[in-house]
1. For residues in region 209-266 being among the aromatic types (Phe, Trp, Tyr) and assigned to a helix (DSSP H, G or I), which is surrounded by the most Cβ atoms within 10 Å (Cβ to Cβ)?
2. Is it the case that residue 177 is of a type outside the set (A, V, I, L, M), under 26 Å from residue 201 (Cα atoms) and exposed (fewer than 14 other Cβ atoms within 10 Å of the Cβ)?
3. For residues that are under 14 Å from residue 293 (Cβ atoms) and free of Cβ contacts under 8 Å to residues at least 40 places away in the same chain, scanning just region 104-129, find the one that is farthest from the chain's Cα centre (by Cα).
4. Can you confirm whether residue 114 is in contact with a strand residue (DSSP E or B) (Cβ under 9 Å, 6 or more places away or on another chain) and either at pLDDT 90 or above or open to solvent by less than 80 Å² (accessible area, probe 1.4 Å) (or both)?
5. Being among the small types (Gly, Ala, Ser) and under 27 Å from the mean Cα position of the chain (by Cα) is the filter here, so list the residues in region 224-246 that pass it.
6. Report the residue count in region 175-208 for those that are part of a loop (DSSP other than H, G, I, E, B) and within 17 Å of residue 238 (Cα to Cα).
7. So residue 141 ticks every box in (1) crowded, with 22+ Cβ neighbours inside 10 Å; (2) assigned to a strand (DSSP E or B) but one. Which box is left unticked?
8. Quick check on region 81-97. Is at least one of its residues in contact with a Pro (Cβ under 9 Å, 6 or more places away or on another chain) and closer than 30 Å to residue 285 by Cα?
Amino acid sequence: MTSKELMYVKTIAEEKTISKAAQKLFVAQPSLSQSLQRIEEALGARLFNRTAGGLTLTYAGERYYHMATQILKMYQDFETEVSDINNLKTGRIHVGITNHLGTIVLSRVLPLFHTLCPNVEVYVSEENSCVLDQKILSGELDFAVMHAPGREDLQPLINYERLKDDPFLIVLSKDHPLASQGKADPDAPYPVLDPRRLKDEPFIMLHKQQRIRQVVDYVLKKARIQQPRIILTLRSYQTAQLLAAQGLGVTLVPTEYANFSQTSFNPAFLSIPAKYEAGWSMCISTLKSGFLSRADQMFISLVREQFGDKEPEWQP
């Protein structure tokens, strides 16, 4: 059983046809078919069911695919270790990051990283936090810079190293009656309003797959607003904030995002009492059993240095 055979079966399983797999692998289709036949004959078991809709894995095929994925990841980790031995003369790291954090983090970290490690390629995947979780679990990412999930959504196989907290704010029109109802608090950046006061308000929400929405749902649940009146669901927090500023409804956004996206339609901001735990934490997410190369560690150390409260751990 060779790494090439493992890759052949893994690619066929993912592409579901021999022809598509052959294109992706840059091999001739007849050659790939013959290789698969030899693998199945050597194992004494069929790995795929041939159906009108394409190839599907048998039970033996599922076990082979799972094993192939793990072994190929081990090969990849070994190649990364070899790159370390070469003192980072060549190499690649695969970083995941959310779109907004990419704007903030990469502009400050990448110039420093490339000064220290000019020949290491950085491949960046910009996705929402839920997708990044899945890519870490599948081994597609070395690590990710994202926002940590709430306690209910933590992935047990992922380590979330928290860097800094960012409280959420209530956003509404300056003309809204509740805009003047907040109470001054020396420990809060804005007047404080209990989210229970929003019970009858129309909400502008983000999609459930987005981490912001998950935090908002948690806050409203703690405020005993079980079925908020949602009038609009979208993906852009900037658009949500802009529409809230114009009086279409209310929304909740992180403080950092709120300050980043102010426009000519300046909304009213209200802080939320601490008991609601209305916020999230910027974090570095890594697979607990995964391998981090020296280049990974250097990049992570720079993120800590620029955005965390701890001293960098990586030393050249």
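The values are calculated or read from the model by the stated rules, or taken from the named source; none is laboratory data. Everything numeric in this text was worked out from a predicted model, so none of it was measured. Counting neighbours? That spans all protein chains shown, and the Cβs are built from the backbone with ideal geometry, glycine included. What goes into the accessible areas is simple: the full protein's heavy atoms, side chains included, and nothing from ligands, DNA or RNA. Shrake-Rupley method; radii C 1.70, N 1.55, O 1.52, S 1.80 Å.
1. 237
2. Values: of a type outside the set (A, V, I, L, M): yes; under 26 Å from residue 201 (Cα atoms): yes; exposed (fewer than 14 other Cβ atoms within 10 Å of the Cβ): yes.
Criteria met by residue 177.
3. Step one: list which residues in region 104-129 are under 14 Å from residue 293 (Cβ atoms), which gives 113, 116-117, 119-123.
From what is left, the residues that are free of Cβ contacts under 8 Å to residues at least 40 places away in the same chain are 119, 121, 123.
Working: 119: 26, 121: 20, 123: 15 Å.
In this case the residue turns out to be 119.
4. On the way: in contact with a strand residue (DSSP E or B) (Cβ under 9 Å, 6 or more places away or on another chain): yes; either at pLDDT 90 or above or open to solvent by less than 80 Å² (accessible area, probe 1.4 Å) (or both): yes.
Yes: the conditions hold for residue 114.
5. Correct list: 236, 240, 244.
6. First, the residues of region 175-208 that are part of a loop (DSSP other than H, G, I, E, B): 175-176, 181-182, 184-191, 193-194, 199-201, 207-208.
Next cut, within 17 Å of residue 238 (Cα to Cα) only: 207-208.
Residues in region 175-208 being part of a loop (DSSP other than H, G, I, E, B) and within 17 Å of residue 238 (Cα to Cα): 2 in total.
7. Exception for residue 141: condition (2).
8. Quick first cut of region 81-97, residues in contact with a Pro (Cβ under 9 Å, 6 or more places away or on another chain) only: none.
Scanning region 81-97, I find no residue that is in contact with a Pro (Cβ under 9 Å, 6 or more places away or on another chain) and closer than 30 Å to residue 285 by Cα, so the answer is no.
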